[in-house]
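Everything on this sheet refers to the single structure shown next.
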C-alpha cells in the first residue's frame, strides 16, 4: 500500500492503537472463557451425566427387585383362607419400574445430546478459528505497525519542528561591504 495520508493527530493514531490492544485482550479473554465453558459442558455430558444416570439406573434396578420381592412375599401370605390384594406392593413395583424406565430414557437422552453438543462445540471451534488467528497474529502485527507509525510520525514532526525553529532563528548580522573610500593604505 503506497500513497499518502493526511494525519491531523498523532494522538488519535496512538489512541486507536491502545483501543485495538484493549479490544484484542478482551476478545481473547472472552474466547478463553467460552472455551472453558464449552469444555465443562461437554465434560458434563460425556462423563458426569452418564455416571449419574448409570448410578440411578442401578439404584432403580435395586428398587424394582425390592418391590418385586415385597410383592412375591405378599402374594405368598395367606390371612386365613384369603389372599391379600397386595395392591400397595403392586403399586410400589409399578412406580419402581416407571422410575427405572425414566432413568434409562434420561441416559439415552444424554447420549443423544452428547453427540449434538460435541458437534456444536466442533462447529464453534471451526467458526472462531479465523477470529482466533486474527487475534493471535494479525492484531499484534497491526499494533506493531501502528507503533512504528507513531514513532515515525513523532520523529517527522520533531524534525519539522527543529527545521522550523532553525529557519525562524535570527540570522547572524552580516558586515556591510566596504567601499574603496573606506580602505586606507
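Residue-by-condition table, conditions (1) closer than 24 Å to residue 120 by Cα; (2) touching a helix residue (DSSP H, G or I) at 6+ places or on another chain (Cβ under 8 Å):
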| position | (1), (2) |
| --- | --- |
| 28 | yes, yes |
| 41 | yes, yes |
| 46 | yes, yes |
| 51 | yes, no |
| 55 | no, no |
| 68 | no, yes |
| 72 | no, no |
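Residues that are at pLDDT 95 or above, under 30 Å from residue 150 (Cβ atoms) and part of a helix (DSSP H, G or I) occur in the range 31-47; there is at least one. Taking the numbered list (1) under 30 Å from residue 116 (Cβ atoms); (2) outside any helix (DSSP H, G or I) in turn, residue 85 passes all entries but (1). What is the one condition in (1) surrounded by fewer than 16 Cβ atoms within 10 Å (Cβ to Cβ); (2) farther than 30 Å from residue 156 by Cα; (3) touching a residue at least 12 places away in the same chain (Cβ under 8 Å) that residue 7 does not satisfy? Of everything listed in (1) surrounded by fewer than 16 Cβ atoms within 10 Å (Cβ to Cβ); (2) farther than 30 Å from residue 156 by Cα; (3) touching a residue at least 12 places away in the same chain (Cβ under 8 Å), residue 7 misses just condition (2).
Within the range 41-58, the presence of a residue that is more than 39 Å from the chain's Cα centre (by Cα) and farther than 30 Å from residue 131 by Cβ is excluded.
The values are calculated or read from the model by the stated rules, or taken from the named source; none is laboratory data. From a predicted model like this one, the values you see are computed outputs, not experimental measurements. All Cβ positions, even for glycine, are placed from backbone atoms using ideal geometry, and neighbour counts span all protein chains on display.
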